[in-house]
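S.K.: I'd like to ask some things about the structure below.
What follows draws every value from the coordinates through simple rules; no lab data is involved. Keep in mind the model is a prediction, meaning the values are calculated, not measured. Using ideal geometry, Cβ is built from the backbone for each residue, glycine included, and neighbour counts are taken over all protein chains shown.
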Amino acid sequence: MALSDTKLRSINGKPYSGKPEVADEDGLSVRISPKGVITFQCRYRLDGKQHRISIGRYPIVTLRDARVRADEIKECVARGNDPRHHDGKESRNIVTLHDCISYWKQTYFPQLRENTILLYEAVVVKNTRNIFTGIDIEEISSKNWMDLFLAFEKENPKKARTIFVQLKSAINWCIRRQFINSCELMKISPKDIGIRTNKGERVLTYNELAKIWIAIERSRASTSNKLLHQMAMLWGCRLSELRRSRKSDFDLKEKVWTITPEYSKAKNTIRRPIFDGIEPLLNKALITYKDYLFPGQDISKPITIAAANRYVGRIRDEMNLEYWRTHDFRRSLATRLSEEGVAPHVIEKMLGHELGGIMSVYNKHDWIDEQRKAYEIHFTKIMDHVRELSD
């Protein structure tokens, strides 16, 4: 049965469980992935052997164009030529940067919130609208890309970094969805483009912490990953301390979380209170999972740092905030609680630091009650801003 545009439109970009290959006529057919990616192909026989050649992806290549291209392939074969090698360009149609951005908008944007879409439109779409027009994206060299972003960098280094990160994410989406095979842009690292806030200086406001909290809450991620980052924000702990924690580390009777020396950076024992604000999140993790509170795909092992960082990267890319990292939660907790009058030695214990001088030798007190009060202040401040942003 011949294909039709109506049928292809009903399949494109949607979950698909039918036949992986559907024939049209004269050797033309389409291959359809489980995610609804449609690729035209043409079968032909040359020198007694059956061959198949890719024509391009729908809807960038229309059904009408695919049929015309299939006729050209047949004519090429009739002249005794192999269309796979003829003129070196017979195996695929040109896909431009504009085509990739259009595909990204069509397939990725529907799952995003309106504000995120507006951000991408203002940053990526607006700034790449007339770039590399008519050029196959797989033919654009890494030098061409660098020249482009160096030009952006001269105008605004921070903006250049933002455009690069978001565009790279868009192109990576097209590669993962097999819309294109490769792109030299992927060889360039964000650190090669523009600038970001220096490490060790980012202190988040309570309003920013609340925005990140809401973004985590609304994200499409595992409960484990979401709880991990929300609790890290509240405790101001190192992510590795919480990521590798086990049920046995939490004393619900005494309401204390203990990190043993093998899991602390300074090889010291760290004790933090289980305060009222964090208790519901902890209980959810304790009930949901087994030994490790924050497992990855293998529930018998903690989530990997790479998976946790990828998640933060996705959250960060969708937010209109200056660059931040989970480690900034620690600096933000220390700075904001200092502003609230919390004593320095209490904050040091909350961060898991050893006290300096003679105190590190003789004073083993953890000021659990003082920590608890400080954590409640921090929690209340964040939640107040979360409620304001949610109203």
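S.K.: Using alpha carbon centroids, what distance separates the range 154-214 and the range 1-34, in Å?
M.R.: Cα centres, the range 154-214 to the range 1-34: 36 Å.
S.K.: Note down the nm distance, to one decimal, between modelled labels 7 Å out along Cα→Cβ at ASP71 and at ASN144.
M.R.: Placing both labels 7 Å beyond Cα along the Cβ direction yields 3.1 nm.
S.K.: Still on this structure: First measure r as the distance between the Cβ atoms of LEU46 and THR6, then evaluate 1/(1 + (r/R0)^6) with R0 = 30 Å and state the FRET efficiency to the nearest 0.05.
M.R.: The value I calculate is 0.35.
S.K.: What percent do you get for the relative contact order of the chain when only Cα pairs under 8 Å and 6+ apart count?
M.R.: Relative contact order for the chain comes out at 12 percent.
S.K.: Something else about it: Taking 0.36 nm per intervening residue step and subtracting the Cα-Cα distance, what contour gain separates LEU355 from ASN172 on full extension?
M.R.: Between LEU355 and ASN172, full extension yields 61.3 nm more.
S.K.: Just to check I understand the Karplus step: with θ = phi - 60° and J = 6.51 cos²θ - 1.76 cosθ + 1.60, what whole-Hz values come out for the range 56-71, glycine and proline as x?
M.R.: With coefficients 6.51, -1.76 and 1.60, one gets x, 9, 7, x, 4, 9, 7, 4, 5, 5, 5, 5, 5, 5, 5, 5 Hz.
S.K.: Hey, rough spin-label estimate for THR269 and LEU281, points 7 angstrom out along Cα→Cβ, what's it come to in nanometres?
M.R.: Those two pseudo-labels are separated by 2.6 nm.
S.K.: Nearest 20 debye, what's the magnitude of the dipole of the range 206-390 about its Cα centre given +1 on Lys and Arg Cβ and -1 on Asp and Glu Cβ?
M.R.: 600 debye
S.K.: If you don't mind, there's one more thing I want to ask. Among rounded, prolate and oblate, which fits the range 204-347 when a ≥ b ≥ c are the square roots of the eigenvalues of its C-alpha gyration tensor, a/c under 1.5 means rounded, and a/b larger than b/c means prolate? Walk me through the numbers on the way to the answer.
M.R.: Values: a/c = 1.59, a/b = 1.05, b/c = 1.51.
Oblate, since a/c reaches 1.5 and b/c is not below a/b.
S.K.: Still on this structure, I have one more. Over all directions, the average projected area of the alpha-carbon convex hull for the chain comes to how many nm²?
M.R.: Details: hull surface 101.2 nm².
Across all orientations, the chain yields a mean hull projection of 25.3 nm².
S.K.: Oh, and also: Points 7 angstrom from Cα along the Cβ direction at ARG64 and LYS253: gap in nanometres?
M.R.: Modelled inter-label distance: 7.9 nm.
S.K.: Still on this structure, please answer the following. List the pairs from LYS126/LYS158; LYS226/LYS253; LYS191/LYS265; LYS211/LYS373; LYS158/LYS381; LYS349/LYS373 whose alpha-carbon separation is above 22 Å, in the order I gave them.
M.R.: LYS226/LYS253; LYS191/LYS265; LYS211/LYS373; LYS158/LYS381
S.K.: If you put +1 on each Lys and Arg Cβ and -1 on each Asp and Glu Cβ, how big is the dipole of the chain around its Cα centre, in Debye rounded to 20?
M.R.: Using Cβ point charges on Lys, Arg, Asp and Glu, the chain gives about 660 debye.
S.K.: Name the residue farthest towards the positive end of the dipole of the chain from the options THR133, LEU227, LEU321, assuming +1 on Cβ of Lys and Arg, -1 on Cβ of Asp and Glu, about the Cα centre.
M.R.: Farthest along the dipole direction, towards plus: LEU227.
S.K.: Working from Cα positions, state the angle (0 to 90°, nearest 10) between the long axis of helix 368-390 and the longest principal axis of the chain.
M.R.: Between the helix axis and the principal axis of the chain, the angle is about 40 degrees.
S.K.: So, R0 is 30 Å and r is the distance between the beta-carbons of GLU121 and ARG310; what FRET efficiency does that work out to, to 0.05? Let's see the in-between values first.
M.R.: Numbers: r = 24 Å, r/R0 = 0.80.
For GLU121 and ARG310, the calculated efficiency is 0.80.
S.K.: Rounded, prolate or oblate: pick one for the range 120-278, where a ≥ b ≥ c are the square roots of the eigenvalues of its C-alpha gyration tensor, a/c under 1.5 means rounded, and failing that, prolate if a/b is larger than b/c, else oblate.
M.R.: Because a/c hits 1.5 or more and a/b exceeds b/c, the range 120-278 counts as prolate.
S.K.: With springs only between Cα atoms under 10 Å apart, run a GNM on the chain and tell me which of ARG314, ARG129, ARG45 wobbles the most.
M.R.: ARG45
S.K.: What FRET efficiency would be calculated for the residue pair PHE132, ARG387, taking the C-beta separation as r and a Förster radius of 56 Å, to the nearest 0.05? Please list the in-between numbers first.
M.R.: Numbers: r = 46 Å, r/R0 = 0.82.
In this case the efficiency is close to 0.75.
S.K.: Further question: For a footprinting-style exposure proxy, rank TRP213, TRP257 by other Cβ within 10 Å, fewest first.
M.R.: Ranking TRP213, TRP257 by Cβ neighbours within 10 Å, fewest first, gives TRP213, TRP257.
S.K.: Next up: Can you give the extra length, in nm with one decimal, that the chain gains between SER17 and ILE188 once fully stretched, where that is 0.36 nm per residue apart less the Cα-Cα distance?
M.R.: Going from the current span to full extension adds 57.9 nm.
S.K.: While we're on this one: Rounded, prolate or oblate: pick one for the range 97-192, where a ≥ b ≥ c are the square roots of the eigenvalues of its C-alpha gyration tensor, a/c under 1.5 means rounded, and failing that, prolate if a/b is larger than b/c, else oblate.
M.R.: Taking the square roots of the gyration eigenvalues as a ≥ b ≥ c, the range 97-192 is oblate.
S.K.: Continuing with the same structure: Pairs of alpha-carbon atoms within less than 8 angstrom and 6+ residues apart define the contacts here; what relative contact order does the range 215-356 have, in percent?
M.R.: Result for the range 215-356 is 28 percent.
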